[in-house]
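Report on the following structure.
No value in this document is a laboratory result; all are computed from the given coordinates. All figures in this text were calculated on a predicted structure; none of them were measured in a lab. All Cβ positions, glycine included, derive from the backbone under ideal geometry; neighbour counts span all protein chains shown.
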């Protein structure tokens, strides 16, 4: 017997959706505002998008943020997956408690504290060994440091639910440990890897506090540029930029969701076929 949602739960759900998405709809609508005043509607126009396409400062910042996000997300997925394998496959080893604490610490640490500690680390390293110079590289290192924790937690939960016997069967048939992991376990944890990569990319593109502290001259990310402009008042070109970001992120989430669902369905069908 199907249970019906109560009117109270439906009302709460609709209110939550409205609070989340109505501001986005309003922002997208006002990005087509012809008036330079954000709060005054002056007719439909795409002039702000055209002006945004010729704004070199914003385009350079967006390209820098994208490069940092891709590099940091890929590095964090590699390091986080290795850490998750160590925590799941090796139950007892020296330093396990320390590794677990180091993985969980960035999840609860305030960003301002993380940024200050990393800034002090980079300054100390610069005085001692003359590296690294503050800029895009230090932003990447900082983003990898806090993104790795999210990857480790996500992949660890997926690995714990994976059937280890499939990998052991592959090794019994002649595959090496690495080959067996790649052929059997890696496809199982692939959805966790993809979701972790997308989460890290989002966190990297969205970060402002840590990036502001560890960046250097000529390394202004998109959130830093937007924040510097918003302090003087929101302008229609910022609305256009935010609308583009919402559309791109929404499209990526939809594509990733559809792809992961198809992969899961195909894997379920293959498992049922093998069991029958």
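The modelled label-to-label distance between residue 9 and residue 244, using points 7 Å beyond Cα along the C-beta direction, is 4.2 nm.
Using R0 = 22 Å, the C-beta based FRET efficiency linking residue 160 and residue 275 works out to 0.50.
Three semi-axes describe the equivalent ellipsoid of the chain; taken as square roots of 5 times the Cα gyration tensor eigenvalues and ordered largest first, they are 39, 30, 17 Å. Take every Cα pair under 8 Å whose residues are at least 6 apart in sequence, average their separation, divide by the length of the range 33-126, and the relative contact order is 10 percent. The mean of 1/r over all pairs of different alpha-carbon atoms in the range 119-276, once inverted, gives a Kirkwood hydrodynamic radius of 19.3 Å.
Tell me, what is the FRET efficiency for residue 117 and residue 228 to the nearest 0.05, using R0 = 30 angstrom and their Cβ-Cβ distance as r?
Details: r = 24 Å, r/R0 = 0.81.
Efficiency, from the Cβ-Cβ distance: 0.80.
Full extension of the chain between residue 206 and residue 86 yields a length gain of 40.3 nm, computed as 0.36 nm times the residue separation minus the alpha carbon distance. Taking 0.36 nm per residue of separation and subtracting the current Cα-Cα distance, fully stretching the chain between residue 57 and residue 198 would add 48.2 nm. Applying 1/(1 + (r/R0)^6) with R0 = 35 Å to the Cβ-Cβ distance of residue 262 and residue 98 gives a FRET efficiency near 0.30. Here the simple spin-label model places points 7 Å from the Cα toward Cβ, and for residue 173 and residue 24 these points are separated by 4.3 nm. Listed peptides 126-136, 231-241, 13-23 appear in the order 231-241, 126-136, 13-23 once ranked by packing, highest mean of other Cβ atoms within 10 Å at the front.
Equivalent ellipsoid of the range 150-240: semi-axes from √(5λ) of the C-alpha gyration tensor, largest first, are 45, 13, 10 Å.
Against the chain, whose longest principal axis comes from its Cα atoms, helix 96-108 is set at around 20 degrees.
Could you put 89, 94 in order, starting from the residue whose Cβ has the fewest other Cβ atoms within 10 Å? Write out the running numbers ahead of the final one.
On the way: 89 11, 94 7.
The order, fewest Cβ neighbours first, is 94, 89.
Between 176, 257, 69, the Gaussian network model of the chain with springs among Cα atoms under 10 angstrom shows the greatest mean-square fluctuation at 176. Any idea how far the Cα center of the range 211-262 sits from the one of the range 35-86, in Å? For the range 211-262 versus the range 35-86, the Cα centre distance is 4 Å. With contacts taken as Cα pairs under 8 Å at a separation of at least 6 residues, the chain carries a relative contact order of 30 percent.
Taking every DSSP helix (H) stretch of at least 4 residues in the chain, weighting each as -39,500 (n - 2.57) and dividing the sum by the residue count yields a mean residue ellipticity at 222 nm of -26000 deg cm²/dmol. Between 214, 40, 77, the GNM of the chain built on Cα springs shorter than 10 angstrom shows 40 fluctuating the most. You can think of it this way: the chain between residue 254 and residue 182 has 23.3 nm of extra reach, that is 0.36 nm per residue less the Cα-Cα gap.
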